[in-house]
Amino acid sequence: MSGFSPEWLALREPVDHRSRDAALAGKVAAALAGKDPVRITDLGCGAGSNLRALAPLLGADQDWMLVDHDARLLKAARERLRAWADEARNEGDALHLKTSGRAIRVSFRQADLVTGLDAVLDRPADLVTAAALFDLVSDEWIAHFVAALAARGLPLFTVLTYDGVESRSPSHPADAAVFAAFHAHQATDKGFGAAAGPRAGTVMAETFAAQGYAVMTASTPWRLAAPQDALLMRALSEGIASAVRETGRVAEDALASWAATPVETHDVGHIDLWAVPRG
């Protein structure tokens, strides 16, 4: 999978957290109520943002396994979780946290989700979760993943899957060309085959439904505005421009002008999804 820096993940974490759908997350928490401990497998964990967002909604005793292919992100996750918790101690390779009356055991697993997915899912769990992951993977990988979850009777809660609905204000003459080229780049191989990109939320919902799951979704767009989100908006524009430049679909002078133009708002569409086996 293409890598993401700890710095980028830290920059986006506050808007990620405020953009999640509270009602859908509440349904997840209600479904897991009474599990003692509740066991969660977090795929593509990055620096641990998903745990920090979801753990406060779950029970007093939690057992997490954080999975990522990038060793530096697993290291960053360990460091940031220690800083986030009220108390933290190591026990072997695991991290034991206490925060807001919750005891949270965290293990860390470096794994390739192309070749090692089934081994990761064999770990007993009550929930599989992920954030900003599935737009990076292929339709074929999604089909294998959903079948693997169905075979184990596991639910999935995933948040912030990019859906391609994007706009900036004030507008720029190159907006349409830039976003079209960006979507083309989103469909390139990120390590899992040709990526589903903005189609991922729809592909996920349809694939789970075909496996007999009950599927609930919610629109969870980033609503970015200056000045409070100025740093993130600048980084986002630079990242989009870099991706578009790789496609060669937009003239360099138009792309440079687009990237350099200050904007007051930037909306980025996402979808949260909760899929539960029926019965």
Name the pairs whose Cβ atoms lie under 8 Å apart, with the first residue in region 223-239 and over 14 Å from Ser19 (Cβ atoms), the second among the acidic types (Asp, Glu) and modelled with pLDDT of 95 or more, and 6 or more positions between them or separate chains?
Ala226/Glu264
Somewhere in region 52-61, is a residue surrounded by fewer than 18 Cβ atoms within 10 Å (Cβ to Cβ), in a loop (DSSP other than H, G, I, E, B) and modelled with pLDDT under 95?
no
Mind checking which pairs have a first residue in region 104-123 that is farther than 17 Å from Lys75 by Cβ and without any contact (Cβ under 8 Å) to a residue 12 or more places away in the chain and a second that is of a type in the set (Lys, Arg) and part of a strand (DSSP E or B), Cβ under 8 Å, 6 or more apart or different chains?
none
Please work out which residue is nearest to the chain's Cα centre (by Cα), limiting yourself to region 210-226 and to residues that are surrounded by 14 or more Cβ atoms within 10 Å (Cβ to Cβ) and more than 30 Å from Leu11 (Cβ to Cβ).
Val215
Those residues of region 7-37 which are among the charged types (D, E, K, R) and either touching a helix residue (DSSP H, G or I) at 6+ places or on another chain (Cβ under 6 Å) or under 21 Å from Ala47 (Cβ atoms) (or both), in sequence order
Glu7, Arg12, Glu13, Asp16, Arg18, Arg20
For region 227-279 the number of residues that are surrounded by fewer than 16 Cβ atoms within 10 Å (Cβ to Cβ), of a type in the set (A, V, I, L, M) and more than 21 Å from the chain's Cα centre (by Cα) is 5
Pick from region 130-189, criterion within 24 Å of Asp229 (Cα to Cα) and among the aromatic types (Phe, Trp, Tyr), ranking: surrounded by the most Cβ atoms within 10 Å (Cβ to Cβ):
Tyr162
In region 243-279, what count of residues is obtained for those that are in a helix (DSSP H, G or I), farther than 21 Å from Leu224 by Cα and touching a Pro at 6+ places or on another chain (Cβ under 9 Å)?
1
Collect the residues in region 191-237 that are of a type in the set (D, E, K, R) and either under 15 Å from Ala132 (Cα atoms) or touching an Asp or Glu at 6+ places or on another chain (Cβ under 7 Å) (or both), keeping them in residue-number order.
Arg199, Arg223
With the requirement that a residue be touching a Lys or Arg at 6+ places or on another chain (Cβ under 9 Å) and in a loop (DSSP other than H, G, I, E, B), what does region 121-160 give you?
Asp122, Arg123, Pro124, Ala125, Asp126, Ala132, Val137
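Would you mind stating whether Asp118 is more than 16 Å from Trp274 (Cα to Cα) and either outside any helix (DSSP H, G or I) or modelled with pLDDT under 95 (or both)? If you could, list the steps in order and put the result at the bottom.
Values: more than 16 Å from Trp274 (Cα to Cα): yes; either outside any helix (DSSP H, G or I) or modelled with pLDDT under 95 (or both): no.
So Asp118 fails the test.
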Find the residue count for region 3-34, including only residues that are touching a residue at least 40 places away in the same chain (Cβ under 8 Å) and not in a helix (DSSP H, G or I).
4
For region 161-191, which positions are of a type in the set (S, T, N, Q) and assigned to a strand (DSSP E or B)?
Thr161, Ser167, Ser169
Looking at Ala71, Ala77, Ala83 in this structure, which one is free of Cβ contacts under 8 Å to residues at least 40 places away in the same chain and crowded, with 16+ Cβ neighbours inside 10 Å?
Ala77
Collect the residues in region 96-115 that are assigned to a strand (DSSP E or B) and either closer than 27 Å to Arg152 by Cα or polar (S, T, N, Q) (or both), keeping them in residue-number order.
Thr99, Ala103, Ile104, Arg105, Val106, Ser107, Phe108, Arg109, Gln110
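The values are calculated or read from the model by the stated rules, or taken from the named source; none is laboratory data. If you're wondering where the values come from, they're calculated on a predicted model, not measured in any experiment. So basically every Cβ, Gly included, is an ideal-geometry build from the backbone, and we count neighbours across all protein chains shown.
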